[in-house]
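Here is the structure we will look at, set down as structure tokens.
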């Protein structure tokens, strides 16, 4: 009798847990997205999935966190450049493989003119390594494939 009752409680708990998992909906839970100036440079550093990411400014960082909230992902936390660029977070090498990616890097020249350049990398790992090592922020999620 005790075993049957314990089994019943375990099954009931599993059913409740599965029901909660099926009803979790994070879509559009964050609606505070702002129009950010990609040329305003005030770098924000964060470790995301054990990789150092560089964001052009706090507005872009906040928008990325909003997208993460809408995808039920935990928020990113800003850290220091020194912490982020430690060898364990800023890769020194990448394994072969993975699709090529194209990323857009904004810039402002010495005359105050703004622009951007697409740069192609053999993999997402190579892109993240370049951005981290050179303190260069790319804006938006990189496109899979070549830049052409």
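The values are calculated or read from the model by the stated rules, or taken from the named source; none is laboratory data. These numbers were taken from a predicted model, which means no experiment stands behind them. Heads up, the Cβs are rebuilt from the backbone with ideal geometry, glycines too, and the neighbour counts pull from every protein chain shown.
Brief remarks follow.
- Considering 8, 32, the condition of being under 20 Å from residue 139 (Cα atoms), loosely packed, with under 13 Cβ neighbours inside 10 Å and modelled with pLDDT under 95 is satisfied by 32 alone.
- Residue count for region 120-136, restricted to those that are farther than 20 Å from residue 47 by Cα and either in a loop (DSSP other than H, G, I, E, B) or out of contact with any helix residue (DSSP H, G or I) (no Cβ under 8 Å at 6 or more places or on another chain) (or both): 2
- Filter result (assigned to a loop (DSSP other than H, G, I, E, B) and either touching a helix residue (DSSP H, G or I) at 6+ places or on another chain (Cβ under 7 Å) or surrounded by 14 or more Cβ atoms within 10 Å (Cβ to Cβ) (or both)) within region 96-113: 98, 100
- Odd one out for residue 97, checked against (1) over 18 Å from the mean Cα position of the chain (by Cα); (2) farther than 19 Å from residue 138 by Cβ; (3) at pLDDT 90 or above: (3)
- When residue 105 is tested against (1) more than 16 Å from residue 131 (Cβ to Cβ); (2) in contact with a strand residue (DSSP E or B) (Cβ under 9 Å, 6 or more places away or on another chain); (3) free of Cβ contacts under 8 Å to residues at least 60 places away in the same chain, exactly one condition is not met: (1).
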